[in-house]
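The values are calculated or read from the model by the stated rules, or taken from the named source; none is laboratory data. A quick note: this is a predicted structure, and the numbers were derived from the prediction, not measured. Methodologically, a virtual Cβ is constructed for each residue, glycine included, from the backbone with ideal geometry; neighbour enumeration extends over all protein chains shown.
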Amino acid sequence: MTEMNQAILLRRRPVGAPNADDFEFVETAMPQPGEGQVLVRARFLSLDPYMRGRMSDAKSYSAPVALGAVMEGQTVGEVVASRAAGFAAGDTVLGGYGWQRYSVVAPERLRHIAPGEVPLSQNLGLLGMPGLTAWVGLQDIGMPKKGETMVVSAASGAVGQVVGQLGRIIGCKVIGIAGGAAKCAFVENELGFDRCLDHRGDLNQQLDEACPEGIDVYWENVGGAVQAAVWPRLRDFGRMVMCGMVAQYNEAPGADAKGAPPGPNLGPVVRKRLRVQGFIVSDTGWGRYPQFRAEMLGHIASGRMRAREDIVQGLENAPAAFMGMLNGANFGKLVVAID
Ligand SMILES: NC(=O)c1ccc[n+]([C@@H]2O[C@H](COP(=O)([O-])OP(=O)(O)OC[C@H]3O[C@@H](n4cnc5c(N)ncnc54)[C@H](OP(=O)(O)O)[C@@H]3O)[C@@H](O)[C@H]2O)c1
């Protein structure tokens, strides 16, 4: 019997929070590579908050997923068959080929991965796009210095874990923010942050205690109420790294222009000479991937960098896991094991 492909398609554009009817699980014939193409079998799929943006057709830095198309996402797996130079059956590869088991991919969308350096799934988190995001954003925008105070929201998540550990390696005082006692205990005890504050409690009071002198670098992953509590505490010449605002991704685009509650008053950005800058990891990140990977492997080997993953079994469970992530249900880098 021929093996079938499995895929998750975007069926509808969600309004507000996505639900199960926005996705469709399908089984189709296994694709075959044409001349110059590679057939890849995905072992793990990365689920990331940016995918909520791809489900919407609002204007953005990247095109939306078309209705009826396979959901976009990065996977790690192996080459099954190749009709492209530089790739052979059995090669381990990282690339963006979507929420599906088998895909036919152009070679420029694939990157060879040395198998066995880390558990395969970690190539999607610690050594993947989220880890690269942390490394690039700190280098280019956060620019933390030894002795400075850094605050990281969504601290137990894929990006936040790496940001805070890099901050500790540099010699910063690192304060995480996460949802709930278990996540906070993990961030302090396993990742070695100086403290982790629970945003479900009184965040202002916890920040008063943890950062009485103010904050030099705020790594923004969340937005909303967390942002409102943290950013006014930035010191003169502080840096706010605008990585993402996952707490607001289900809001309608342009909601702020249509009578939603006003955002924070950013007037003090001027008085304090703050640097508030957004970035997209793909702007410059992948060109620096070899340097990032080498540095991170060094940190892993020295025991100063670790990662927690939240591995969900089965492609058919990807939509529920993705929807949960937008509410903080994941604990660590969210990955789907496809087999
Ligand atoms: N700029 C870029 O190039 C780039 C690249 C990658 C990622 N990002 C952004 O980085 C951020 C983190 O991504 P990630 O992959 O590391 O995700 P993640 O942290 O692994 O998962 C999302 C986490 O966000 C927190 N969260 C969700 N809703 C929240 C709410 N209403 N209030 C407070 N916290 C909430 C939850 O953690 P708690 O339970 O701890 O609150 C949840 O576990 C996202 O905003 C993402 O879009 C940006």
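For residues that are in contact with a Pro (Cβ under 9 Å, 6 or more places away or on another chain), assigned to a strand (DSSP E or B) and not β-branched (Val, Ile, Thr), tally how many sit in the stretch 64-84.
Total satisfying the criteria: 3.
Based on this model, can you work out whether Glu209 counts as without any contact (Cβ under 8 Å) to a residue 24 or more places away in the chain, part of a helix (DSSP H, G or I), of a type in the set (D, E, K, R) and within 15 Å of the ligand (Cβ to nearest atom)?
Details: without any contact (Cβ under 8 Å) to a residue 24 or more places away in the chain: yes; part of a helix (DSSP H, G or I): yes; of a type in the set (D, E, K, R): yes; within 15 Å of the ligand (Cβ to nearest atom): no.
Against the criterion (without any contact (Cβ under 8 Å) to a residue 24 or more places away in the chain, part of a helix (DSSP H, G or I), of a type in the set (D, E, K, R) and within 15 Å of the ligand (Cβ to nearest atom)), Glu209 does not qualify.
Pairs, please: C-beta under 9 Å, at least 6 apart or cross-chain, first residue within 15 Å of Gly224 (Cα to Cα) and in the stretch 234-248, second more than 16 Å from the ligand (Cβ to nearest atom) and part of a helix (DSSP H, G or I)?
Pairs found: Met240/Val269.
Table: residues versus (1) touching a residue at least 60 places away in the same chain (Cβ under 8 Å); (2) among the charged types (D, E, K, R); (3) not in a loop (DSSP other than H, G, I, E, B).
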residue	(1), (2), (3)
Ile8	yes, no, yes
Gly16	yes, no, no
Glu24	no, yes, yes
Glu27	no, yes, yes
Gly34	yes, no, no
Asp57	no, yes, no
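Can you find a residue that is in contact (Cβ under 8 Å) with a residue 24 or more places away in the chain, in a loop (DSSP other than H, G, I, E, B), in contact with a Cys (Cβ under 9 Å, 6 or more places away or on another chain) and surrounded by fewer than 23 Cβ atoms within 10 Å (Cβ to Cβ) anywhere in the stretch 147-163?
Scanning the stretch 147-163, I find at least one residue that is in contact (Cβ under 8 Å) with a residue 24 or more places away in the chain, in a loop (DSSP other than H, G, I, E, B), in contact with a Cys (Cβ under 9 Å, 6 or more places away or on another chain) and surrounded by fewer than 23 Cβ atoms within 10 Å (Cβ to Cβ), so the answer is yes.
As an exercise: evaluate Arg52 against (1) outside any loop (DSSP other than H, G, I, E, B); (2) more than 15 Å from the ligand (Cβ to nearest atom) and give the number of the one condition it does not meet.
Result: Arg52 passes all but (2).
Restricting to the stretch 212-235, what's the tally of residues that are more than 16 Å from the ligand (Cβ to nearest atom) and in contact with a strand residue (DSSP E or B) (Cβ under 9 Å, 6 or more places away or on another chain)? Break it down stepwise before answering.
First, pick out the residues of the stretch 212-235 that are more than 16 Å from the ligand (Cβ to nearest atom): 212-216, 232-235.
Then keep just the ones that are in contact with a strand residue (DSSP E or B) (Cβ under 9 Å, 6 or more places away or on another chain); that gives 213-216, 233-235.
Total satisfying the criteria: 7.
Go through Met296, Met305 for me and flag whichever is more than 8 Å from the ligand (Cβ to nearest atom), part of a helix (DSSP H, G or I) and closer than 29 Å to Asp140 by Cβ.
Sole residue among the options that is more than 8 Å from the ligand (Cβ to nearest atom), part of a helix (DSSP H, G or I) and closer than 29 Å to Asp140 by Cβ: Met296.
Please work out which one of (1) over 20 Å from Asp283 (Cβ atoms); (2) of a type outside the set (Lys, Arg); (3) not assigned by TED's automatic domain parsing to the domain that holds Glu209 is the condition Gly147 fails and give its number.
Unmet for Gly147, out of (1) over 20 Å from Asp283 (Cβ atoms); (2) of a type outside the set (Lys, Arg); (3) not assigned by TED's automatic domain parsing to the domain that holds Glu209: (3).
Filter the stretch 267-293 for residues that are assigned to a helix (DSSP H, G or I) and farther than 28 Å from Asn123 by Cβ; which is farthest from the chain's Cα centre (by Cα)?
Arg271
Which of the following residues is out of contact with any Phe, Trp or Tyr (no Cβ under 7 Å at 6 or more places or on another chain) and either among the aliphatic types (A, V, I, L, M) or under 22 Å from Glu3 (Cβ atoms) (or both): Asp91, Asp57, Asp48?
Asp91
Do we have any residue at all in the stretch 158-177 that's within 11 Å of the ligand (Cβ to nearest atom), out of contact with any Phe, Trp or Tyr (no Cβ under 8 Å at 6 or more places or on another chain) and more than 29 Å from Val93 (Cα to Cα)?
Scanning the stretch 158-177 turns up at least one residue that is within 11 Å of the ligand (Cβ to nearest atom), out of contact with any Phe, Trp or Tyr (no Cβ under 8 Å at 6 or more places or on another chain) and more than 29 Å from Val93 (Cα to Cα).
Taking the condition of being within 16 Å of the ligand (Cβ to nearest atom) and free of Cβ contacts under 8 Å to residues at least 12 places away in the same chain, how many residues in the stretch 102-146 meet it?
At the first step, the residues of the stretch 102-146 found to be within 16 Å of the ligand (Cβ to nearest atom) are 121-142.
Add one more test, that the residue is free of Cβ contacts under 8 Å to residues at least 12 places away in the same chain, and what stays is 139.
So the answer is 1.
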